[in-house]
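K.L.:
Sharing a structure with you now.
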Amino acid sequence: ESLKGVIRLVNLQDSHFWGEIPSGIKLDDPMQWRDYRYDLEHSHPTDAMNLRHENRFWSSQIWEYFEKMNKFQGCNYRYIMRLHTNSFLYSPIRYNIFEFTKNNNYHYGFRLCSEERHQKHIFEDFSREINDSDTIYDEFSCLFYNSFFVADLHFFLSQPVQRLLQFVDAAGYNYRGNISPTIVHSLAVKAYASSATIHRFLDFTFEQFNDERKYTEDDCVHPTGGFQAGYNDAEAESHLQEWIYLQQKKNKKEHCAPQVEMHNLRFNDLSPDYVHLPARVAETLSLP
């Protein structure tokens, strides 16, 4: 009862924000799209298209959704946070993450870097399309993993960013190229936000994990994803050991060896432009 008016569930399937393919690719044969045939063969028949609808929503349509909500319902949302259904917080965030983002003038905050396929060419295609000389001076060693983010709605509704997002959407990149929101957000933020307005959260312990069954001869389950401790988590080590134990339990067959690769994250491993750490933390940082 205390949460009445605070939590609102929205069925996007009743709106134009879900299920519509961009008009420019409606005549496409989906079998020609990247990974579509594979997705059909390895998941439920509707999942292949729904995945692309989901990618489109989180890439370009979520900003329009909240803009319209603000307008028609008298809201004033500016900062948006996503926590994926396969994402878990192992330690509490003991501050208002939206006030933190606002007070530091951040346009974008993320937790993990991603090693997805580099798609810098999309921005180059965009620049040629609008006859613009803008470029991204970034080696793309860190893409902003989209499972957790905090974003400034005003930034994503700004004209330069909207022009890029509309280009990506109209060209059907989420469908034809199976491009994820991780790539789209990274392109927009790296192109139009200064490093001082981008923040990597490292203080809380976080997991992003997907169970992916590989249909091999041994029929072992090989999950994908990862776990990263936070520097403010006093129980980070026990959380890590618990996580490793759970991964080992996923494979109940004796011949299935757990595939857990571990290394400690230190300050020099981070993209320095996106990390705004207190000196006392940076000097001793070592996160499993």
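The values are calculated or read from the model by the stated rules, or taken from the named source; none is laboratory data. Computed from a predicted structure; not experimentally measured. Every residue, glycine as well, gets a Cβ built from its backbone with ideal geometry; the counts of neighbours run over all protein chains shown. The protein model used for the area step is the full one, side chains on, heavy atoms only, and it has no ligands, DNA or RNA in it. Shrake-Rupley method; radii C 1.70, N 1.55, O 1.52, S 1.80 Å.
K.L.:
Counting C-alpha atoms alone, how compact is segment 1-125: give Rg to one decimal and Dmax as a whole number, in angstrom.
P.N.:
Over segment 1-125's Cα set, Rg and Dmax evaluate to 18.1, 51 Å.
K.L.:
Also: Under the classification rounded if a/c is under 1.5, otherwise prolate if a/b is larger than b/c and oblate if not, where does segment 152-215 fall, given a ≥ b ≥ c as square roots of the Cα gyration tensor eigenvalues?
P.N.:
It is oblate, given that a/c is not under 1.5 and a/b is not larger than b/c.
K.L.:
On to the next question. At 7 Å along the Cα-to-beta-carbon direction for both Glu41 and Asn232, put a label point, then send me their distance in nm to one decimal.
P.N.:
Result for the modelled spin labels: 4.7 nm.
K.L.:
Cα atoms only, segment 7-54: Rg and Dmax in Å?
P.N.:
Cα radius of gyration and Dmax of segment 7-54 are 12.7, 40 Å respectively.
K.L.:
A further question follows. Arranged from highest to lowest average of other beta-carbon atoms within 10 Å per residue, in what order do the peptides 178-186, 61-69 appear?
P.N.:
The densest-packed peptide leads the list: 178-186, 61-69.
K.L.:
Here's something else I'd like to know. Using a 1.4 Å probe on the protein heavy atoms only, what accessible surface does Asp29 show? Give it in Å² to the nearest 10.
P.N.:
80 Å²
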